[in-house]
1. Once you put a point 7 Å from the Cα of PHE39 and another 7 Å from the Cα of GLU217, both along the Cβ direction, what distance in nm separates them?
2. Which lysines, if any, have their Cα less than 24 Å from the Cα of LYS19, not counting same-chain residues under 8 positions apart?
3. Please give the FRET efficiency for ILE182 paired with PHE127, using the beta carbon to beta carbon distance and R0 = 30 Å, rounded to the nearest 0.05.
4. What are the ³J(HN,Hα) values, in whole Hz, obtained from phi via the Karplus relation 6.51 cos²θ - 1.76 cosθ + 1.60 with θ = phi - 60°, for each residue of the range 221-236 in sequence order, with x given for Gly and Pro?
5. Using r as the Cβ-Cβ distance of ASP145 and LYS299, and R0 as 35 Å, what FRET efficiency do you calculate, to the nearest 0.05?
6. Mind ranking HIS139, HIS83 by accessible surface for me, highest first, 1.4 Å probe?
7. Hey, got the dipole for the chain? About the Cα centre, +1 on K and R Cβ, -1 on D and E Cβ, debye to the nearest 20?
8. Extending each Cα 7 Å along its Cβ direction at GLU70 and MET17, get the distance between those two points in nm, one decimal.
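The values are calculated or read from the model by the stated rules, or taken from the named source; none is laboratory data. Since the model is a prediction, treat every value here as computed from it, not as a measurement. So basically every Cβ, Gly included, is an ideal-geometry build from the backbone, and we count neighbours across all protein chains shown. Surface areas here come from the heavy atoms of the whole protein model, side chains and all, with no ligands, DNA or RNA. Shrake-Rupley method; radii C 1.70, N 1.55, O 1.52, S 1.80 Å.
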Amino acid sequence: MYREAYVISSPLRFGGMEKSRQKALISILGVPLDSTASFRPGQRFGPLHVRAVSPELESNAYAADGYLEEVPFFDEGDIAVSHGDVAETLERISRVVQELLAEGKRIALVGGEHTITVGALKGAKAFGLRPCLVVLDAHLDLRDDYLGVRFGHASTFRRALELLGEVPIVYIGSRAFVREEIALAKSRPNIMLLTPRSIESLGLANVIGSARRALSECKKVYFSIDMDVYDPAYAPGVGNPEPSGLSPREVLPLLSSLVDERFIGVDVVELSPPYDAGGVTAVLAAKTLQEVLISFSIKAR
Ligand SMILES: [Mn+2]
């Protein structure tokens, strides 16, 4: 098994819970990568901090009616990141994800920078899936390259489009882009943009309805959650903070409504603990992942 060579078990476990690997429907994997961080690095410490704070949260979900101890998940540990070799790291993520999907598991990646999503999607494709994407992110990450780097955190969904083709992509909370990115997004009928301003004008329930309709034909759905989707007031510890973001009271109900039995995986990325004043972003990242895990396990019953 590739996993046995490239996943390093962690002494800390998500939620502080020892769970059965065999019974698990969801595998948690840390991916401590920050090789392409352009502004505020430190995402490599994300998995450690999420695991350290997660046992201190109460185990209930905010918007779903369930508890973490009822969720069949297993914390596999961290992918061995090849620091400085992004292509090799993405290959390792891809191979491990493909193996876990073949075992019948869903995956939950804890980043790490946003580039890791490309590895997860490569693994899903190698397993034969072309999931629809729900992307919670301040940014579009649609640049062809950023300062010459093509496999980096600013190009995640440009690479995803090349990999998966024209699958439906629903962006939620996006508010920061260059002209090239917004022009690309608006020219593609498969891309839907639900901005903070659309939540303000339409209301959260209508935005959830629009996202649901966009996903109605999808067989499988993958969620990618960049912590910078939240306003920096709630999540200061991120690589590229951007004002005017969403609140936890918007994001958590959104996730618990959109995650259903078609869920194949999620990543929670871009937490940068060195910039996390008071450690609140790590707590919110743990809560966000907890909400997704509980919401899936309720709908999968
Ligand atoms: Mn991003």
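1. Each label point lies 7 Å from its Cα, and together they span 3.6 nm.
2. Candidates past the 8-residue exclusion: LYS105, LYS287, LYS299.
3. Computed FRET efficiency for ILE182 and PHE127: 0.40.
4. 9, 10, 10, 10, 10, 8, 4, 6, 5, 6, 4, x, 5, 8, 9, x
5. 0.35
6. Numbers: HIS139 35, HIS83 105 Å².
Highest to lowest solvent-accessible surface, that is HIS83, HIS139.
7. On the way: 33 positive and 38 negative charges, 162 e Å.
Here the chain has a charge dipole of around 780 debye.
8. 1.1 nm
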